[in-house]
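The values are calculated or read from the model by the stated rules, or taken from the named source; none is laboratory data. As the structure is a prediction and not an experimental result, all values here were calculated from the model. Note: ideal-geometry Cβ built from the backbone for every residue, glycine included; neighbour counts use all protein chains shown. Ligands, DNA and RNA are excluded from the accessible area calculation, which covers all protein heavy atoms including side chains. Shrake-Rupley method; radii C 1.70, N 1.55, O 1.52, S 1.80 Å.
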Amino acid sequence: MTARRAELAANRVAVLERIAAAARLAGREPADVTLIAVTKTFPADDVVTLADLGQRDVAENRDQEAAGKAAAVAAAAPDHPAVAGLRWHFVGQLQRNKVASVVQYADVVHSVDRARLVTALDTAAARHRDRPLEVLLQVDLRPLVAVTGPAPSIGERGGVLPDDLLALAGTVTRSDNLQLGGLMAVAPLGANPAEAFARLADLAERLRGEFPQARIISAGMSGDADAAIAYGATHVRIGTALLGGRSARLM
Ligand SMILES: *Cc1c(COP(=O)(O)O)cnc(C)c1O
């Protein structure tokens, strides 16, 4: 076993234990929380190794990086059969000119936050996919929580405003080539993550009231996954705790 493989294996066990502990503390089943490995800035080899170790869900946030990485990972399939079972999640801000590329490797897009993006994804999915694309609506939680410290620059994280969420969900459900999976959010900078995830849980319940199929809550990163799980996250997106720091890397 290479040193990197041993490191990823140990990190993954620790993260899965942390997820299980947080789930039990909340009276939930560990199996009801899916670990998504956020592999941005890390090489395709790491994705292949994680797949070998049993990791099924991986995420990227930039099409330019992800498209090449997904192709490199797919090319490793003959020697690494687990690669074929990977589910790719796209979690970054998405421009319409990248949509045709993203729908070709992504199984789930977490960052849908405006109607024009829904339309573009629907059209691209019709053209480039043989099955529907699962989408999550990214919510901007800033209107719902107290934020301290310097005001973050407007739109830095993206996300639909809470008041516009149900209308956007309707746009998705009227799209032939998209499936509404649920919600995604990032705890706002300067906010208490628990408060943010509690508001997200309220929104998720309202959404499910109208769209029962929308059961996913994608919330929680390395620093706040425990709070997210306490408030019902079904999918946590973990980069640093699994793969290591990105400080010397691009982001
Ligand atoms: C990078 C990223 C993550 C993972 O963050 P870590 O703090 O490294 O765990 C999660 N979600 C999104 C949208 C990201 O861009």
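Here are the numbers for this structure:
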quantity: The chain - percent of accessible surface contributed by carbon and sulfur, probe 1.4 Å; calculated: 51 percent
quantity: Shape category assigned to the chain from the gyration tensor of Cα positions, a/c cut at 1.5; calculated: oblate
quantity: The stretch 201-251 and the stretch 66-106: distance between their alpha carbon centers, rounded to Å; calculated: 20 Å
quantity: Length added when fully stretched, residue 72-residue 129, from 0.36 nm per residue minus Cα-Cα; calculated: 18.6 nm
quantity: Convex hull projection area averaged over all views, the stretch 71-139, Cα basis, nm²; calculated: 4.9 nm²
quantity: Listed residue (159, 149, 182) projecting farthest to the positive dipole end of the stretch 3-246, Cβ model; calculated: 159
quantity: Anisotropy class of the stretch 108-251 from Cα gyration tensor, a/c 1.5 cut; calculated: prolate
quantity: 222 nm mean residue ellipticity, helices alone, for the chain (DSSP H n ≥ 4; -39,500 (n - 2.57); rounded to 500); calculated: -12500 deg cm²/dmol
quantity: The stretch 1-139, relative contact order [Cα under 8 Å, separation at least 6], %; calculated: 17 percent
quantity: Size-normalised alpha-carbon gyration radius of the stretch 29-102, reference 2.2 N^0.38 Å; calculated: 1.11
quantity: Mean separation of Cα contacts under 8 Å (6+ apart) over length of the chain, as relative contact order %; calculated: 20 percent
quantity: Viscosity 1.002 mPa s, 20 °C: Kirkwood-radius Stokes-Einstein D of the stretch 1-139 over Cα pairs, µm²/s; calculated: 133 µm²/s
quantity: Residue among 27, 149, 85 with the largest mean-square fluctuation in a Gaussian network model of the chain, springs linking Cα atoms under 10 Å; calculated: 149
quantity: FRET efficiency, residue 84 to residue 6 (Cβ-Cβ, R0 30 Å, nearest 0.05); calculated: 0.80
